[in-house]
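**Student:** Supplied in structure tokens, the structure appears directly below.
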Amino acid sequence: MTRGEGAPVRVALLGCGTVGGEVVRLLQDQAGELAARVGAPVELVGVAVRRPHRHPDLIARYPDLVTTDATALVARDDVDVVVEVIGGIEPARSLLLQAIKSGKSVVTANKALLAEDGATLAEAADAAGVDLYYEASVAGAIPLLRPLRESLAGDAITRVAGIVNGTTNFILSAMASSGAGYADALEEATRLGYAEADPSADVDGYDAASKAAILATLAFHTRVTAADVYCEGIRQVSAADVAAAVGLGCTIKLLAICERVPASGGRPESVSARVYPAMIPLSHPLASVDGAFNAVFVEAEAAGQLMFYGQGAGGAPTASAIMGDLVAVARNRVGGGRGPRESAYASLPVRPMGDVPTRYHVSLEVADRAGVLSAIAGEFSRRGVSIAAVRQTGGQDGFSPVSGEETVNPDGAARLVVVTHGAADSALAGTVEAIAKLDVVRAVESVLRVEGLGRTVSALGVAG
Ligand code: HSE
């Protein structure tokens with residue numbers, strides 16, 4: 001069946017959880033507005049769910065629309081657009097490829113699938129001449145992918161960096177505000193419904209890594225997959241790390257960072273995509289992004305710095321992004337055109353994490369005697385790592401590891417905080433490993449990457 005003049009744009013929905021339920025509600029509540037905006041009615045013709053007993057209200061309201069046979073729904077020739085909110089790789093990938101190959105446009109929120117195999121979907125959409133839209137896959141309600149793909153298409157994006165996972169941001173915010181440890185903050189996040197029963201996709205950084213892959217692909221016209229993204233989660237962030245950050249006028253955020261790295265030292269221009277907890281100064285705009293909110297900085301050569309902020313998860317916010325895509329796709333159907341194709345023409349290599357320049361903050365408990373500083377500085381120097389600032393607290397009179405207040409310490413231990421200049425991440429990691437083995441070092445209390453300091457380590461009062 002083909003669409004006639006003024007005929008409705010017919011939508012099949014795959015999955016009807018928190019987000020899908022909101023999509024159904026908005027399609028219903030906004031039907032008149034949507035028709036006016038699109039130039040034709042947008043009509044829901046089927047909803048595929050795996051476990052119908054979980055959707056009594058949906059079935060009571062739309063008895064003719066609900067099915068358990070997603071494959072048959074996608075195959076129907078009276079469907080123009082398939083909206084997928086199932087998540088995961090399969091059966092979502094097979095269903096979307098089936099939809100695309102049969103000429104249907106696709107709107108999806110599936111970050112895991114796009115980050116693992118977006119190329120297959122994009123190539124299939126190109127071959128079939130249909131749309132593939134996925135604004136909801138990154139940062140929920142925040143319009144971010146369309147600005148990267150369209151608004152900034154005439155500029156050169158150099159960096160996309162931000163907080164793209166609300167669960168971990170909630171946990172880190174709770175640790176910073178209450179001094180709680182990771183386990184207690186996770187428990188609170190679970191109790192309040194921010195963290196899932198199995199929180200690993202969020203706390204181990206995989207969710208953010210999928211989003212980083214999608215952002216880097218769009219920003220740098222280069223196919224980047226989740227496997228290309230270096231990923232560290234927040235499980236290892238301790239109350240001592242948070243205290244160390246506070247002591248420096250900083251906070252800790254799980255950052256997704258995508259950068260275009262210029263050619264240098266015989267290395268070609270490349271891209272870096274990485275996710276890890278990092279210290280950022282409290283004066284940095286991302287530092288005040290608390291709770292489950294997301295915020296992303298985009299830097300482009302001509303535009304300068306842009307910041308996008310809002311709700312990165314949840315049924316209604318995510319459904320808002322899906323509805324925006326649905327309207328765009330429906331308009332394209334009505335107008336007989338297609339949205340912008342994905343472009344991966346630049347095909348830049350992805351730089352291994354070890355070669356990426358980063359900066360470290362290292363907090364050590366050391367013996368307080370002659371030659372200690374020199375032994376530690378020697379390990380940095382041996383690997384070509386330049387030190388930006390060193391601060392010693394405690395010493396002969398000792399210190400409290402919690403408050404940093406001076407106390408009587410008969411052992412003569414001191415705390416040494418070192419902040420480095422930028423150096424290859426592998427050189428920094430190697431230095432920390434070597435320092436930990438020095439017998440003058442009693443404990444490595446905290447090791448964190450540092451971002452957003454610019455050229456000055458202002459918290460330490462030392463020019464960087
Ligand atoms: N689990 C994600 C988060 C939301 O905590 O931000 C979906 O991407």
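The values are calculated or read from the model by the stated rules, or taken from the named source; none is laboratory data. What you are looking at is a predicted structure, and each value in this text was computed from that prediction instead of being measured. A quick note on method: Cβ atoms are made from the backbone with ideal geometry, for glycine too, and the neighbour counts reach across all protein chains shown. Please note that ligands, DNA and RNA were not included when accessible areas were found on the heavy atoms of the full protein model with its side chains. Shrake-Rupley method; radii C 1.70, N 1.55, O 1.52, S 1.80 Å.
**Student:** Checking residue 111 against (1) within 14 Å of the ligand (Cβ to nearest atom); (2) farther than 21 Å from residue 276 by Cβ, which test does it fail?
**Tutor:** (2)
**Student:** Looking at region 148-207 only, could you name the residues that are touching a Pro at 6+ places or on another chain (Cβ under 7 Å) and away from the ligand (no atom under 16 Å from the Cβ)?
**Tutor:** Correct list: 149, 150.
**Student:** Name every residue in region 94-121 that is open to solvent by less than 20 Å² (accessible area, probe 1.4 Å) and among the charged types (D, E, K, R), in order of residue number.
**Tutor:** 104
**Student:** For region 127-145, name all the residues that are more than 25 Å from residue 291 (Cα to Cα) and touching a helix residue (DSSP H, G or I) at 6+ places or on another chain (Cβ under 7 Å). If you could, list the steps in order and put the result at the bottom.
**Tutor:** Of region 127-145, the ones more than 25 Å from residue 291 (Cα to Cα) are 127-133.
Across region 127-145, the qualifying residues are 128, 130, 131, 132, 133.
**Student:** Now, a different point. Condition first: touching a strand residue (DSSP E or B) at 6+ places or on another chain (Cβ under 8 Å) and surrounded by fewer than 24 Cβ atoms within 10 Å (Cβ to Cβ). Now tell me which residues in region 173-185 satisfy that. Don't jump to the end; show me each part of the working.
**Tutor:** The initial filter retains those residues of region 173-185 that are touching a strand residue (DSSP E or B) at 6+ places or on another chain (Cβ under 8 Å), namely 175-176.
Answer for region 173-185, where residues must be touching a strand residue (DSSP E or B) at 6+ places or on another chain (Cβ under 8 Å) and surrounded by fewer than 24 Cβ atoms within 10 Å (Cβ to Cβ): just 176.
**Student:** Looking only at region 68-84, count every residue that is crowded, with 16+ Cβ neighbours inside 10 Å and in contact with a Leu (Cβ under 9 Å, 6 or more places away or on another chain) and tell me the total.
**Tutor:** The qualifying residues number 8.
**Student:** With respect to residue 121, is the statement that it is over 30 Å from residue 238 (Cα atoms) and within 16 Å of the ligand (Cβ to nearest atom) true?
**Tutor:** Working: over 30 Å from residue 238 (Cα atoms): yes; within 16 Å of the ligand (Cβ to nearest atom): no.
When the stated conditions are applied, residue 121 does not pass them.
**Student:** Right, something else. In region 124-146, which residue that is open to solvent by 20 Å² or more (accessible area, probe 1.4 Å) and away from the ligand (no atom under 16 Å from the Cβ) is nearest to residue 20 (Cα to Cα)?
**Tutor:** Let us first name the residues in region 124-146 that are open to solvent by 20 Å² or more (accessible area, probe 1.4 Å), namely 126-129, 141, 143, 146.
Cutting the leftovers down to away from the ligand (no atom under 16 Å from the Cβ) gives us 126-129, 146.
Details: 126: 26, 127: 28, 128: 26, 129: 26, 146: 21 Å.
Checking each candidate, the answer is 146.
Matching residues to (1) farther than 23 Å from residue 229 by Cβ; (2) at pLDDT 95 or above; (3) among the hydrophobic types (A, V, I, L, M, F, W, C); (4) assigned to a loop (DSSP other than H, G, I, E, B):
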position: 136; (1), (2), (3), (4): no, yes, yes, no
position: 139; (1), (2), (3), (4): no, yes, yes, yes
position: 142; (1), (2), (3), (4): no, yes, yes, yes
position: 155; (1), (2), (3), (4): yes, yes, no, yes
position: 158; (1), (2), (3), (4): no, yes, no, no
position: 169; (1), (2), (3), (4): no, yes, no, no
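**Student:** What is the one condition in (1) assigned by TED's automatic domain parsing to the domain that holds residue 165; (2) modelled with pLDDT of 95 or more; (3) surrounded by fewer than 22 Cβ atoms within 10 Å (Cβ to Cβ) that residue 346 does not satisfy?
**Tutor:** Going through the list (1) assigned by TED's automatic domain parsing to the domain that holds residue 165; (2) modelled with pLDDT of 95 or more; (3) surrounded by fewer than 22 Cβ atoms within 10 Å (Cβ to Cβ), residue 346 breaks only (1).
**Student:** Filter region 290-327 down to the residues that are of a type in the set (Asp, Glu) and farther than 23 Å from residue 259 by Cβ, then identify the one that is farthest from the ligand (Cβ to nearest atom). Lay out the reasoning, then the answer.
**Tutor:** We begin by selecting, within region 290-327, every residue of a type in the set (Asp, Glu); these are 290, 299, 301, 325.
This time we only want the ones that are farther than 23 Å from residue 259 by Cβ, so: 290, 325.
Numbers: 290: 14, 325: 16 Å.
Checking each candidate, the answer is 325.
**Student:** Checking residue 254 against (1) outside the structural domain of residue 30 (by TED's automatic domain parsing); (2) away from the ligand (no atom under 16 Å from the Cβ), which test does it fail?
**Tutor:** (2)
**Student:** Could you give me the residue pairs with C-beta distances under 6 Å whose first residue belongs to region 192-206 and is farther than 14 Å from residue 277 by Cβ, whose second residue is among the hydrophobic types (A, V, I, L, M, F, W, C) and near the ligand (Cβ under 7 Å from one of its atoms) wherever it lies, and which are 6+ apart or on separate chains?
**Tutor:** Hits for this filter: 194/292.
**Student:** Within region 189-199, is there a residue that is among the acidic types (Asp, Glu) and either modelled with pLDDT of 95 or more or in contact with a strand residue (DSSP E or B) (Cβ under 7 Å, 6 or more places away or on another chain) (or both)?
**Tutor:** First, pick out the residues of region 189-199 that are among the acidic types (Asp, Glu): 196, 198.
After this cut, where a residue has to be either modelled with pLDDT of 95 or more or in contact with a strand residue (DSSP E or B) (Cβ under 7 Å, 6 or more places away or on another chain) (or both) as well, the list is none.
There is no residue in region 189-199 that is among the acidic types (Asp, Glu) and either modelled with pLDDT of 95 or more or in contact with a strand residue (DSSP E or B) (Cβ under 7 Å, 6 or more places away or on another chain) (or both).
**Student:** Tell me, which residue of region 208-232 that is under 20 Å from residue 189 (Cβ atoms) and open to solvent by 20 Å² or more (accessible area, probe 1.4 Å) is nearest to the ligand (Cβ to nearest atom)?
**Tutor:** 231
**Student:** Further, regarding this structure: So residue 369 clears everything in (1) in the same structural domain as residue 229 (by TED's automatic domain parsing); (2) open to solvent by 60 Å² or more (accessible area, probe 1.4 Å) except one condition, right? Which one?
**Tutor:** Failed condition: (1).
**Student:** Scanning for something closer than 23 Å to residue 319 by Cβ, among the β-branched types (Val, Ile, Thr), in contact with a strand residue (DSSP E or B) (Cβ under 8 Å, 6 or more places away or on another chain) and open to solvent by less than 40 Å² (accessible area, probe 1.4 Å), does region 85-93 turn up at least one residue? Walk me through how you get there before you give the answer.
**Tutor:** Going residue by residue through region 85-93, those that are closer than 23 Å to residue 319 by Cβ are 85-89, 91-93.
Applying the additional criterion that residues be among the β-branched types (Val, Ile, Thr) yields 85-86, 89.
After this cut, where a residue has to be in contact with a strand residue (DSSP E or B) (Cβ under 8 Å, 6 or more places away or on another chain) as well, the list is 85-86.
Keeping just the survivors that are open to solvent by less than 40 Å² (accessible area, probe 1.4 Å) gives 85.
Yes, because at least one residue in region 85-93 is closer than 23 Å to residue 319 by Cβ, among the β-branched types (Val, Ile, Thr), in contact with a strand residue (DSSP E or B) (Cβ under 8 Å, 6 or more places away or on another chain) and open to solvent by less than 40 Å² (accessible area, probe 1.4 Å).
**Student:** Sticking with this structure for a sec: For region 349-381, what are the residues that are at positive phi and modelled with pLDDT of 95 or more? Even if it seems obvious, please write down each step before you answer.
**Tutor:** Residues of region 349-381 that are at positive phi, as a first pass: 371.
None - no residue of region 349-381 is at positive phi and modelled with pLDDT of 95 or more, so the list stays empty.
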